[in-house]
Amino acid sequence: MLSNYKFLSTNIEDLILVEPFTVYDERGFMKKTFEKNIFLENGINFLPIEEMETTSKMGVLRGLHFQNKHSQAKLIRCAKGKILDVAVDLRIGSSTFGQHFSVILSSENKRMLYIPRDFAHGCLTLEDDTTFYYLCDNKYLPEHDSGILWNDKDLAIDWGLMDMNEIILSKKDKKLQTFQEYKTLQGIF
């Protein structure tokens, strides 16, 4: 059985849910997660230069991260387990500025999320030993790493699939700025 790529619109312009090319047979499946020309044909000019792999136990929340200079577009996929993946539009002047989109990405559904530049990204691991990948079009630069608190009241993201008291955060992610602080720094009132 053959499944061609599908590029699905979301409530936020340019943020695209991708169902990759997948072939199933009695041995299992083969999946093609990226082909430059197919992405270009579907309006995504994405030229990745690095890939990051993350494995986490259940309840780990990473984010909401972005680079304040040298922003990164990302293609997120989950190879093992399950995550709730969230993208927040930080594009100044966008009609969906400050809005977010969330989706379950899993080894089972094989979906991927294409996140353009100038978005904050976060994810919550929903199963132990979950592995996911970020294919990025710009290098990770720790000196430009920034973020917004995962539970910011103005963003009002529903992470709802877990007891929020069981969330595991890094020290850095506990100290991120609020969305209001971010807007003030950007001169947005």
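The values are calculated or read from the model by the stated rules, or taken from the named source; none is laboratory data. Please read all numbers here as calculations on a predicted model, not as lab measurements. Reconstructed Cβ throughout: ideal geometry from the backbone, glycine too, with neighbour counts over all protein chains shown.
Tabulated data
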item: The stretch 1-15: number of residues that are at pLDDT 90 or above and either in contact with a Pro (Cβ under 7 Å, 6 or more places away or on another chain) or in a strand (DSSP E or B) (or both); result: 7
item: Near pairs, Cβ below 9 angstrom, 6+ apart or cross-chain, from the stretch 16-33 (outside any strand (DSSP E or B)) to any residue that is modelled with pLDDT of 85 or more and hydrophobic (A, V, I, L, M, F, W, C); result: PRO20/PHE34; PRO20/MET112; THR33/VAL18; THR33/PHE21; THR33/LEU75; THR33/MET112; THR33/LEU135
item: Every pair of residues 6+ apart whose Cβ atoms lie under 8 Å, when the first sits in the stretch 99-117 and is free of Cβ contacts under 8 Å to residues at least 40 places away in the same chain and outside any strand (DSSP E or B) while the second is surrounded by fewer than 20 Cβ atoms within 10 Å (Cβ to Cβ) and of a type in the set (A, V, I, L, M); result: SER107/ALA79
item: Matching option when the condition is among the charged types (D, E, K, R), farther than 22 Å from PRO20 by Cβ and over 13 Å from the mean Cα position of the chain (by Cα), among LYS57, LYS110, LYS80; result: LYS57
item: Filtered residues of the stretch 34-55 (kept if of a type outside the set (Val, Ile, Thr), part of a loop (DSSP other than H, G, I, E, B) and on the phi < 0 side of the Ramachandran plot); result: PHE34, GLU35, ASN42, ASN45, PHE46, LEU47, PRO48
item: In the stretch 176-189, residue nearest to the chain's Cα centre (by Cα) [restricted to those that are modelled with pLDDT under 95 and assigned to a loop (DSSP other than H, G, I, E, B)]; result: GLN186
item: Single residue of SER56, SER71 found to be surrounded by 19 or more Cβ atoms within 10 Å (Cβ to Cβ), in contact (Cβ under 8 Å) with a residue 12 or more places away in the chain, closer than 30 Å to GLN177 by Cβ and small (Gly, Ala, Ser); result: SER56
item: Any hit, the stretch 45-63, residues being out of contact with any strand residue (DSSP E or B) (no Cβ under 9 Å at 6 or more places or on another chain) and among the β-branched types (Val, Ile, Thr); result: no
item: Residues (in a strand (DSSP E or B) and among the basic types (Lys, Arg)) located in the stretch 56-77; result: ARG62, LYS74, ARG77
item: Matching residues in the stretch 119-150 - criterion: being polar (S, T, N, Q) and either modelled with pLDDT under 95 or in contact with a His (Cβ under 7 Å, 6 or more places away or on another chain) (or both); result: ASN138
